[in-house]
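Please read the structure below before turning to the comments.
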Amino acid sequence: MNPSINLGIIGAGRIGRLHAANLCQRVPGAKVVMVTDALAASAESCAAQLGIPAHGTDYQAVLNRPDIQAVVICSPTDTHTGIIQAAAAAGKHVFCEKPIDVDLGRIDLAIAAVRKAGIVFQVGFNRRFDPNFQRVRTAVASGEIGTPHQVHIISRDPSPPPIEYVRVSGGIFLDMTIHDFDMAQFLVDSPIVEVFATGDVRVDPAIGEAGDLDTVVVLLKYANGATAVIENCRQAAYGYDQRVEVFGSAGAIRIDNNYPNNAILSTREWVRRDLPHHFFLTRYTESYIAEMQAFLEAIRHGRRSPVSGEDGRIPVVIAMAARRSLQTNRPVRLSEIG
Ligand SMILES: NC(=O)c1ccc[n+]([C@@H]2O[C@H](COP(=O)([O-])OP(=O)(O)OC[C@H]3O[C@@H](n4cnc5c(N)ncnc54)[C@H](O)[C@@H]3O)[C@@H](O)[C@H]2O)c1
């Protein structure tokens, strides 16, 4: 039996509650002993729901507890790097939701603090742990499809987030495409070096008025000459659309959407099935559990986490290059960004 690891959750919103529930109920060897949220009622209701023994409003209370080995940061993005640095100084291992930050200077300070403290640090790019994406990665890494030439990632949401969210999200590339930038980097063993982005407002004019786009295409170039195309839209009529294909010299591998059931209904007129999973909470259930298991394993064995701070920095750089490409209508080298 693995020795249990005591954890504190910081931020009990949408994703914080999901991680807290998984850690309490579905990840053996994890013990959530405290949850904090800037809103007292959120921390309290999360603790009551899951039987977490302590709660509070100040994350420093988690860091002050000597019995807590690791923290899971699920507060808004603009709070991440401050909490990472404080947690590192307190010697706690850190799991931090994506993105680490939207500012490269602050990301570098956080990575330096993690290195200095020698703690395990993992960024929440959960899609890497999805069994389907993992199978694609294995096919590429093992050479089953030969040398990868082209990657195609389709990622569409069922509906746009509230406009207040859009206004502070940092823009579609940093908020939504960031997962796909990480996936593009995860699937192919060659650094991404150049980005061309285009897009428009096709779903809701209010998103345009907030200074953002809702429908984009991004072309990525890898150092080895391979390319990736990412297609995003904030609204797909049929639900959450998450598909990938990698085409290589010896074949291709493709994954389709995940469905709550695999029933196919056939009649005289047509063959049809129910809609795919509606959004990320149900589509990526297994990945959220697996990423936590990997975090705990890295702590137990003193290993580097499978999604390091350096891994978490790359998609932010790509997102910035995409934004500049859109503004200037030209391909942008990552070396221009930093
Ligand atoms: N990996 C994924 O699939 C995924 C999905 C959703 C969100 N996220 C990321 O998770 C983070 C949180 O997103 P969310 O959708 O859960 O947001 P949310 O607004 O639902 O929850 C954030 C919570 O943090 C609390 N909070 C604010 N400041 C705090 C502080 N200083 N200390 C403790 N709590 C504080 C808020 O009161 C709120 O309850 C963001 O960085 C987001 O990008 C990742």
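Every number here is computed from the coordinates shown, using simple stated rules; none is lab data. Because the structure is a prediction, the values reported are computed rather than measured. All Cβ positions, glycine included, derive from the backbone under ideal geometry; neighbour counts span all protein chains shown.
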(message) So for the chain, averaging the separation of alpha carbon pairs under 8 Å that are six or more residues apart and normalising by length, what relative contact order in percent results?
(response) 18
(message) Using just the Cα positions, wrap the stretch 110-172 in a convex hull and report its mean projected area in square nanometres, one decimal place.
(response) 7.7
(request) Note down, for the stretch 199-325, the three equivalent ellipsoid semi-axes (square root of 5 times each alpha carbon gyration tensor eigenvalue), biggest first, whole angstrom. (result) 29, 25, 18
(message) Please compute the length gained on full extension between residue 270 and residue 256, using 0.36 nm multiplied by the number of residues separating them and subtracting their Cα-Cα distance.
(response) 3.0 nm
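Determine one quarter of the surface area of the Cα convex hull of the stretch 1-53, which equals its mean projected area, and express it in nm² to one decimal.
Working: hull surface 13.1 nm².
That works out to 3.3 nm², a quarter of the Cα hull's surface.
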(message) Which of 204, 274, 241 ends up with the largest GNM mean-square fluctuation for the chain, with Cα atoms connected below 10 Å?
(response) 274
(message) For a Förster distance of 35 Å, can you work out the FRET efficiency between the beta-carbons of residue 138 and residue 168, rounded to the nearest 0.05?
(response) 0.40
(request) Would you calculate the separation in nanometres between label points at residue 147 and residue 38, each defined as 7 Å from the Cα along the Cα-to-beta-carbon direction? (result) 5.0
(message) If I model a spin label at residue 329 and residue 209 as a point 7 Å from the Cα along the Cα→Cβ vector, what separation in nanometres do I get?
(response) 2.6
(request) Quick one: compute a quarter of the convex hull surface over the Cα atoms of the stretch 67-166 and quote it in nm². (result) 9.6
(message) For the stretch 235-266, which chymotrypsin sites (Phe, Trp or Tyr not before Pro) pass both filters: DSSP loop (anything but H, G, I, E, B) and at most 15 other C-beta atoms within 10 Å?
(response) 238
(message) Multiplying the sequence separation of residue 278 and residue 25 by 0.36 nm and subtracting their Cα-Cα distance, what value in nm do you get?
(response) 88.8 nm
(message) Let me check the size of the stretch 11-128 from its C-alpha atoms; what are the radius of gyration and Dmax in Å?
(response) 13.5, 39
(request) Sequence neighbours fewer than 8 away in the same chain don't count; with that in mind, list the lysines whose C-alpha is under 21 Å from residue 116. (result) 92
(message) Can you tell me the orientation of helix 285-301 relative to the chain, as the angle in degrees between its alpha-carbon axis and the longest Cα principal axis, to the nearest 10?
(response) 50
(message) Can you compute the modelled spin-label distance between residue 245 and residue 189, with each label point 7 Å from Cα toward Cβ, in nm?
(response) 2.5
(message) Could you tell me the extents of the stretch 209-252's C-alpha atoms along the three principal axes, largest first, rounded to whole Å?
(response) 44, 25, 8
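Taking a temperature of 25 °C and a viscosity of 0.890 mPa s, what whole-number D in µm²/s does Stokes-Einstein yield for the stretch 163-219 with Rh from Kirkwood over alpha carbon pairs?
On the way: Rh = 12.4 Å.
My calculation gives 198 µm²/s for D.
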(request) Would you please calculate the Kirkwood hydrodynamic radius of the chain over all C-alpha pairs and express it in Å, rounded to one decimal? (result) 20.9
(request) Pop the C-beta distance of residue 103 and residue 300 into the FRET formula with R0 = 51 Å and round what comes out to the nearest 0.05. (result) 0.95
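Before rounding to the nearest 500, sum -39500 (n - 2.57) across all DSSP H runs of length at least 4 in the chain and divide by the residue total; then give [θ] at 222 nm in deg cm²/dmol. Please list the in-between numbers first.
Working: 12 runs with 124 residues, N = 338.
Computed mean residue ellipticity for the chain: -11000 deg cm²/dmol.
Rounding to the nearest 20 debye, state how big the charge dipole of the stretch 147-304 is about its Cα centre with +1 on each Lys and Arg Cβ and -1 on each Asp and Glu Cβ. Provide the component values of the computation, followed by the final result.
Numbers: 14 positive and 21 negative charges, 96 e Å.
The calculated dipole for the stretch 147-304 is roughly 460 debye.
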(message) Contact order normalised by length for the stretch 49-106, with contacts defined as Cα pairs under 8 Å and 6 or more residues apart; what percent is it?
(response) 35
(request) With no solvent and one equal point scatterer per Cα, compute the Debye intensity ratio I(q)/I(0) for the stretch 99-142 at 0.15 Å⁻¹ and report its log10, rounded to two decimals. (result) -0.58
